[in-house]
Amino acid sequence: MDLLSVVGVILAFAAIIGGNALEGGQIDALMNGPALVIVVGGTVGAILLQTPIRDFLHALRLAGHVFMPPKTNTQAAIKKIIYWSDIARKEGLLGLETIAESEADLFMRKGMQLLVDGSEPEVIRSILEVELDNQEYHDLAAARVFEGMGGYAPTIGIIGAVMGLIHVMQNLADPSKLGSGIATAFVATIYGVGLANLFLLPFGSKLKAHAMSRSQHREMIIEGIISIAEGENPRNIESKLYGYTR
């Protein structure tokens, strides 16, 4: 679990609610159904219009990674690659065939299979980099979904504020209806700006960071497999790969 993300969400809520309480406000003043419908519905509608369905669904799948990021154990991967390089030097590339078939990581397995099949280093790099670039593209596209919503939410909040003020102006003769209109106007702005800056934009940035981390991890795997294909000394491979951990 990403404790920083959990602490961040708790701190964000605590700051808003606590600040409101310190000013003498009631939490009920921040609860407004119409404002929530306007901001959330408008933001989701805008992003659906902007985003291909594949990227939107991928963003929903990756949202949980903000709190439960995928594990990429770089140290363990380096040890595996060094072990493979030792076997390749002693038994040849065919000695890795059984290991390749049992490898759990699909990306590493694909690289190992290419290695065992005797593919040229340039071919292995080209094939694996296509997969790496494609995965990185889709992961970054998912992050941009949240960034896009973060851009729309404040504007939708302003729309909600204007709608609330219109409601107020239409009911100036009826004081009983003024309160709800004014509340919708101001609370919609809070929802839009708060949702964008406390959640959506940070979500997008965190997913981008995870995407780049996964890409770097895969770049290290590619470099290790290519080094085995080129017959490099295991100790040299180890020194090279540990550069990715700094």
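All of the numbers you see were taken from the coordinates with simple rules; none came from a lab. In this text the structure is predicted, and so the values were computed from the model without any measurement. Every residue, glycine among them, receives a Cβ derived from its backbone with ideal geometry; neighbour counts consider all protein chains shown.
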Item to complete: Find me the longest stretch of the chain that has none of the exposed GluC sites (Glu not before Pro), where exposed means in a DSSP loop (not H, G, I, E or B) with at most 11 other Cβ atoms within 10 Å.
Response: 24-229
Discussion item. Between Thr155 and Gln75, what is the label-point separation in nm under the 7 Å Cα-to-beta-carbon projection?
Written reply: 4.7
Worksheet, complete the sentence: Toy charge model, Lys and Arg Cβ at +1, Asp and Glu Cβ at -1: the chain dipole around Cα centroid in debye, rounded to 20, equals 520
Worksheet item: According to a simple spin-label model (label point 7 Å from Cα along Cα-to-Cβ), what is the distance in nm between Asn197 and Thr98?
Response: 6.1
Worksheet entry | Hz values of 3J(HN,Hα) by residue in the range 103-108 - Karplus curve (6.51, -1.76, 1.60), Gly and Pro given as x | 5, 6, 6, 5, 5, 5
Item to complete: Name the shape class, rounded, prolate or oblate, that the alpha-carbon gyration tensor gives for the range 87-218, where a ≥ b ≥ c are the square roots of its eigenvalues, rounded holds for a/c under 1.5, and otherwise prolate holds if a/b is larger than b/c and oblate otherwise.
Response: prolate
Discussion item. In whole Hz and in residue order, list the ³J(HN,Hα) couplings for the range 79-95 that follow from phi through the Karplus curve 6.51 cos²θ - 1.76 cosθ + 1.60, θ = phi - 60°; x for Gly and Pro.
Written reply: 4, 4, 5, 5, 4, 5, 5, 5, 5, 4, 6, 8, 10, x, 5, 5, x
Fill in: Cα gyration tensor shape for the range 48-132, rounded if a/c is under 1.5, else prolate or oblate
prolate
Item to complete: Rank these for me by crowding, Phe56, Phe203, Phe13, going from fewest to most other beta carbons within 10 Å.
Response: Phe13, Phe56, Phe203
Discussion item. Helix-only mean residue ellipticity at 222 nm, the chain, DSSP H runs n ≥ 4 weighted -39,500 (n - 2.57), per residue, nearest 500. What is it?
Written reply: -25000 deg cm²/dmol
Worksheet item: Could you give the nm distance between label points at Tyr137 and Met31, where each point is 7 Å from its Cα heading toward the beta carbon?
Response: 4.7
Practice prompt. Answer with a single label: of (1) 1.02; (2) 1.46; (3) 1.11, which was calculated as Cα Rg over 2.2 N^0.38 Å from the structure in view?
Written response: (2)
Worksheet item: Which number gives the lysine pairs in the range 33-246 that have C-alpha atoms under 29 Å apart and are eight or more places apart or on different chains?
Response: 23
